[in-house]
Each structure stands twice: as C-alpha cells, then as structure tokens.
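The values are calculated or read from the model by the stated rules, or taken from the named source; none is laboratory data. None of these values were measured; they are calculated from a predicted model. Cβ sites come from the backbone with ideal geometry, for glycine too, and all protein chains shown count toward neighbours.
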Amino acid sequence: MNLEESNSYNQEIESRDRKRRAVMLSIILCGVFIALLFVMIIIISYKDSITEKFYIDGVQIKSFNNSMYTEIEGVTYVDVRMISSALGYTYTKGEYKKYNENEDSCYLQSDYEIVTLSAGNDSYDKYIEITAPSPKIAEIPVVVKNKKGYSETYKLQNEIVYQNGKIYVPLDSLQKMFNINISWKEYRKKIYTLANRVANAKATIGKYGYTEMSGDYENLRAIIDGLVIVADTQASSKYYGVFSFGNENQKAGEILSRKYDNIIYAQNVGEFYITVENGTMGLLNSEGGTIIDSSSGYEEISLLDDDGENQLYLVKKGKEYGVVSRTGEVLVHPENDEIGLKEEYVSSFSLEKIRNPRVLFDACIPVKKDGKYGLVNKDGEQKLNLSYEGFGYKTTATSSTSGNEQSVLLIPPSVGIKGIVVNYDDLYGIFDVTTERLILPCVYSKIYAITRNGKTTYYIEYNEASVELKDYLEDNGLNNVDETGNPIQSKLKKELPKDDNDENTNPTSGNVVSSEDSNNNVVDNTISEDDNDINNENVVSDEESSVIELN
C-alpha cells in the first residue's frame, strides 16, 4: 500500500468516526431533550393537577375560582349568586313575593322553579313554576303534576349565611337546591346538571329493558337522587314504577313495580306519593317501604310538616281533613273542614316570618270544623278547643293609618312568649305555645304592634287603654322564653293552676295574670263570663302592686 492510499484510508476512518460521534451525540441530545420534555410534562401535569378547576357538564368554567366558596366553622359554603348564574338561574335580591331589597335574602328563578333563601334560616323553600315555552329536558317534554302554587320546604343541617355582602349556602345543600350532582374534590369541582343526568338516565334504563320514563318535572328531579320513575303503556293506560341506579347501600334494580296509576316524587323528603286504580293514595319511602297504606281510603296526601325526624302528613277523605304521622298513626282524624292557615291569609301578617302556616311555631296545628277554630299539638292532642272564630288581629284602614298599628298573628319570643293571637266574638286573647295554655283570655279589643325607628313594640288594649305587652307579661310572671325562643326553666317549673272552668274551653275565662306575693303564693285573677262586665275598668286585679292597670 503506497502512502497516498494509506492517507485516504485514514481519512475515511476518521470521517466514519466523526459521523459515529455525531450520531451518538445526536442520540444523547435527543435523549436529554426527551428527558427534559418528559420532566416538563410531569411538572406541567403536576401543576395542572394542583390547579383548582371547575366544570359544568364537562366544560371548564374559567370564571369560577376559589372566591366562590369559603369555610365557616369547618363547613364549606358556596356563593349562591355566582353558582346560580352559571346554572341558568336569575338571582333577585329581597324576599320572594315581597317588595323589598333586603341584601340578606334572595330568590332564584329557573325555567322550572323558584328557590327562596334568607340568611339565618336553616331551611329554604321551592315553588314549582314552569315558565319555559314547550319545556323539554334532554328532549323529554316536561309537565307539572302538582297544583299551581305548590311549594316544598327543605331542611338544612347548617344555616344560610350572609357575609361580606354575599349570601352563602352550605355545599351539601346544592344538590337538591339546584337539581345537580356534584363531585367536590380538592382541585376538581365537577357539576352535572339535571339535563345531563336525564340524558344519562335515558341511556341507562334502556339497558335494563325500560323504554319510557315519567316526564313530570317533580319526577325527573328524582334522577338526582339516583331514582327513575319508569312507565309502561298497556293498551290505553299507563302504569308507573321506580328504578334505582344503585348506590353503596343498594343494588341497581326495580324499587316499585310498574303497576301504579300515578307516582309523584317528593324531592324534599325523598318519598313517593302513589295513586292506585280506585283513586286513593298511599305513601312509600325511597326503598319501597309503606308509610301510609293506599287502602286507608285517602284521596289526597301531602306533607304538612317536616321536623327532620317524624314528618306529618295532611290527608283528605271526602271533603274532610286529618293528620297522619310518618309511622302511619292517625293523629287527627279526617273530620275537619280545614287544617292549617291559608297562605293568602297569613300573607296579610307581615311582622313575623311564618315558616309553615299549617304548623305555627313548628308546634301548633290550626284546625277548623263547623266554622270554629282550635289548636292541636304535633302529637294530635287538642290544646285549644274548637270554640274560636279565627286567629290574629287585623287592623282596620283607620287604625293602621292614624296610629300606625300593624296586624298581629304571632307574638315573637322577643316579647317573652311564643304566642298565637286568637279571636272570640271580636275580642282577642293569646295562646301560649310553650305552656299550651290560653294565658290571656279573649277580653281585649286589640292586640297590635307599632314599629318606630326599626323597633317593633306589641300592645294589648282593653276599654280603650293600651299597655305594652312585654311589660305586662313580665310584671305578671307570664313570660317564659328568652329572645331566642328557648324556655326559661325557672318559669316553667311554676305550673299555672287549672280549675274546672278550663280557660281553653271558655275563651273569656282564664288566667289574666298571675303574680307571686311576698309569701311566694300564686295569686290567680280570672274573669268569668258573669264577671266580664262592660263597666269593669280593669282587666287585672289591683290586689297586687305588680299588676298593671290598663285604664
């Protein structure tokens, strides 16, 4: 091999080495780049995983951030204005059906219902009211089964809060408040609307052989609780049943077979009102257990009161009404013309918020029979006989204008009692809810209130002389609750004496006052029918210096 060939060979070897090194370097650089890229992806993914995001039906809502919720005493609360807007609800401040601009109250309206909220309350109300033209949810035509004006009360474990100019509701209330399902994790908050859930339910029940589902709005909401009211058309008739998607305590499957003429889901208590072929109704729980048997002969059943433990139900047989407990016990036999006070009547008494006009102070149920009114407690015991003409004192146009007098139905705890104003022969008295007695007989011409500088004061009037009710009760030892409504135990230990002339039987007779003398003996001053003379200037006895004269 000559020198020239040797140099050429060496050059070729060097060229190959350079190429080999270049390839190796490229491979190493690519490996480093890929590794860096992988690390960057991991970092970005990690940062993304710990970045809080909000989704509605799978779509990220970038306008949401952690300012939409807060922690209050260990409970997660959500800004109701922010979330309601994203879910298509119109937010209106102030109380529903009242013309005010209260910042701590609001109502939320969708195409299907109205939700009313007030800070400080441990419940909220819903009114079903469809306003959408030709309403459909997931292509299912929607109708309403309940009567117009139908409302539901939902109990909360924690109160609604007004803070920093915003109304916050507990996170666990959102599901039924807005008819949504929620997955609320640290960095991923996912919300699924009723339309989304209905669409999924349609696909799911098809796998189990069901071809129809109820289009009643009340029933579609059951899907949020994992239940579907399914239907079966036979000839010209349609029959309904209930299918469960299943949960940790229950397998997927049929809860109620398709044999009922009608089923309506009560979302606030999670129960089913059923109607059978003879037109009578029954009540079943979400597992299919019987609460009220359809053979009881009730033509109508509705929720009277939900106290969180033992709901009470209003039942109707013929034209008469009664009350049944959740255990099926008849507390008030269906022999009454009315039970509870009507919304339109209660609305004329604007001083006190009345959560449930059918169960006053969550304790007393007004009943009416043959034109006379009385009260029973939640155990069905008659506490005020059916002798009265009505409840509440209503001001006249003259009195409300000249003296700024306001109508009164309930006496609030701030006065010292939880009282109900009763009317007999156009005279007024007060039934005390705590002691379940008529503590002031129906001998007063007025029981009214006046509001000045934001403070409301309650008065009683006898023989055209008025006295402040709070002072009257305190001076005569009749006050028995504090301003929050909790009983004053020392007061309750002193039980008012009764005689054969029971004041709950005789509206004009009773313990007008009772005060203790220096020997701690109770002095009872009563007005009997014979003593109730028009010339009597004093309602109370002047034997005790602590008793206030009204003249």
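Structure notes:
- Applying the set (1) of a type in the set (Gly, Ala, Ser); (2) touching a helix residue (DSSP H, G or I) at 6+ places or on another chain (Cβ under 8 Å); (3) more than 15 Å from Lys126 (Cα to Cα) to Gly149 leaves exactly one unmet item: (3).
- Pair list, Cβ under 8 Å, 6 or more apart: the range 201-216 residue part of a helix (DSSP H, G or I), other residue small (Gly, Ala, Ser): Lys202/Ala138
- Only one of the listed residues (Ser105, Ser84) is under 30 Å from Gly215 (Cβ atoms) and either within 21 Å of the chain's Cα centre (by Cα) or among the aromatic types (Phe, Trp, Tyr) (or both). That residue is Ser84.
- Among the residues making up the range 433-453, a single one is in a strand (DSSP E or B), within 16 Å of Asn476 (Cα to Cα) and within 29 Å of the chain's Cα centre (by Cα): Arg437.
- Flag if Thr204 is β-branched (Val, Ile, Thr) and surrounded by fewer than 18 Cβ atoms within 10 Å (Cβ to Cβ): yes
- Filter pass, Glu483 being among the acidic types (Asp, Glu), modelled with pLDDT under 90 and under 34 Å from the mean Cα position of the chain (by Cα): yes
- Residue check for Ser237: surrounded by fewer than 18 Cβ atoms within 10 Å (Cβ to Cβ), farther than 26 Å from Lys53 by Cβ and free of Cβ contacts under 8 Å to residues at least 60 places away in the same chain: yes
- Subset of the range 419-432 (residues that are modelled with pLDDT of 95 or more and either among the β-branched types (Val, Ile, Thr) or part of a loop (DSSP other than H, G, I, E, B) (or both)): Ile420, Val421, Val422, Ile430
- Being over 16 Å from Leu171 (Cβ atoms) and either touching a helix residue (DSSP H, G or I) at 6+ places or on another chain (Cβ under 8 Å) or not small (Gly, Ala, Ser) (or both) is a property that does not hold for Val75.
- Condition met for Gly429 (closer than 25 Å to Asn377 by Cβ and not β-branched (Val, Ile, Thr)): yes
- The residue list Ala132, Ala138, Ala201 contains one member that is more than 18 Å from the chain's Cα centre (by Cα), of a type outside the set (Val, Ile, Thr) and not assigned by TED's automatic domain parsing to the domain that holds Thr70, which is Ala201.
- The one condition in (1) part of a helix (DSSP H, G or I); (2) over 20 Å from Val75 (Cα atoms); (3) in contact with a strand residue (DSSP E or B) (Cβ under 8 Å, 6 or more places away or on another chain) that Met177 fails to fulfil: (2)
- Residues in the range 220-234 that are within 14 Å of Glu287 (Cβ to Cβ) and crowded, with 21+ Cβ neighbours inside 10 Å: 2 in all.
- Filter result for Phe54 (assigned to a loop (DSSP other than H, G, I, E, B) and either surrounded by 15 or more Cβ atoms within 10 Å (Cβ to Cβ) or in the same structural domain as Thr116 (by TED's automatic domain parsing) (or both)): no
- Test: residue in the range 11-29 that is more than 30 Å from Tyr187 (Cα to Cα), out of contact with any helix residue (DSSP H, G or I) (no Cβ under 7 Å at 6 or more places or on another chain), outside any helix (DSSP H, G or I) and at pLDDT below 80: no
- Pairs are defined by a Cβ separation below 6 Å, a sequence spacing of at least 6 or placement on different chains, a first member in the range 160-183 that is closer than 18 Å to Tyr107 by Cβ, and a second member that is among the charged types (D, E, K, R) and in a helix (DSSP H, G or I); the pairs so defined are Asn179/Arg221.
- Within the range 342-367, the set of residues being hydrophobic (A, V, I, L, M, F, W, C) and farther than 11 Å from Leu409 by Cα comprises Val359, Phe361, Ala363, Cys364, Ile365, Val367.
- Matching residues in the range 69-114 - criterion: being farther than 20 Å from Ile130 by Cα, touching a residue at least 12 places away in the same chain (Cβ under 8 Å) and hydroxyl-bearing (Ser, Thr, Tyr): Tyr69, Thr70, Thr76, Tyr77, Ser105
- So Thr456, is it assigned by TED's automatic domain parsing to the domain that holds Pro487 and in a strand (DSSP E or B): yes
- Count - residues of the range 82-106 that are part of a helix (DSSP H, G or I), surrounded by 16 or more Cβ atoms within 10 Å (Cβ to Cβ) and of a type outside the set (A, V, I, L, M, F, W, C): 1
- Condition met for Asn249 (within 28 Å of Tyr154 (Cβ to Cβ), at pLDDT below 90, surrounded by fewer than 14 Cβ atoms within 10 Å (Cβ to Cβ) and out of contact with any Leu (no Cβ under 7 Å at 6 or more places or on another chain)): yes
- Boolean, Lys126 is charged (D, E, K, R), in the same structural domain as Gly74 (by TED's automatic domain parsing) and not in a strand (DSSP E or B): no
- Given (1) in contact (Cβ under 8 Å) with a residue 24 or more places away in the chain; (2) more than 23 Å from the chain's Cα centre (by Cα), index of the condition Leu227 fails: (2)
- Residue that is farthest from Tyr313 (Cα to Cα) [pool: residues in the range 330-361 that are assigned to a loop (DSSP other than H, G, I, E, B), without any contact (Cβ under 8 Å) to a residue 40 or more places away in the chain and touching an Asp or Glu at 6+ places or on another chain (Cβ under 8 Å)]: Asp337
- Selection within the range 241-266 - assigned to a loop (DSSP other than H, G, I, E, B) and either under 20 Å from Thr204 (Cβ atoms) or β-branched (Val, Ile, Thr) (or both): Phe245, Gly246, Glu248, Asn249, Lys251, Ala252
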